[in-house]
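The values are calculated or read from the model by the stated rules, or taken from the named source; none is laboratory data. Just so it is clear, the model here is predicted, and its values are computed rather than measured. Every residue, glycine as well, gets a Cβ built from its backbone with ideal geometry; the counts of neighbours run over all protein chains shown.
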Amino acid sequence: MVTKDNKRKILINFRKASSLLKKVTEMVENDHYCIEVMQQNLAVIGLLRSAHEKLMNNHFNTCFKSAILSKNEKKQKQMTEEILKLINIYNK
């Protein structure tokens, strides 16, 4: 579960990214200069990466930490596999 403070920060990033993505879409529809579109696109990517990092950090400090401290080997293995899968997807 996302902590209250992290949730607020993550939602701010997602809302900004959503708003900016709408702007980027309009820029493409209105034939804006490619470099301007790419700069705004990178800003969206940056906001989404930041939100992802906040989510991952929160997960490590809550769910993952709890699983590791639980001494439940099945839960530990499952949590580790989930993290590795997510990291693999992120790095593609």
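Observations
- Scanning the stretch 11-36 for residues that are surrounded by 12 or more Cβ atoms within 10 Å (Cβ to Cβ) and outside any helix (DSSP H, G or I) yields a count of 1.
- You will find that of LYS16, LYS71, LYS92, the residue that is of a type outside the set (Val, Ile, Thr) and modelled with pLDDT of 95 or more is LYS16 and no other.
- Near pairs, Cβ below 7 angstrom, 6+ apart or cross-chain, from the stretch 41-57 (without any contact (Cβ under 8 Å) to a residue 24 or more places away in the chain and assigned to a helix (DSSP H, G or I)) to any residue that is surrounded by 14 or more Cβ atoms within 10 Å (Cβ to Cβ) and of a type in the set (Asp, Glu): none
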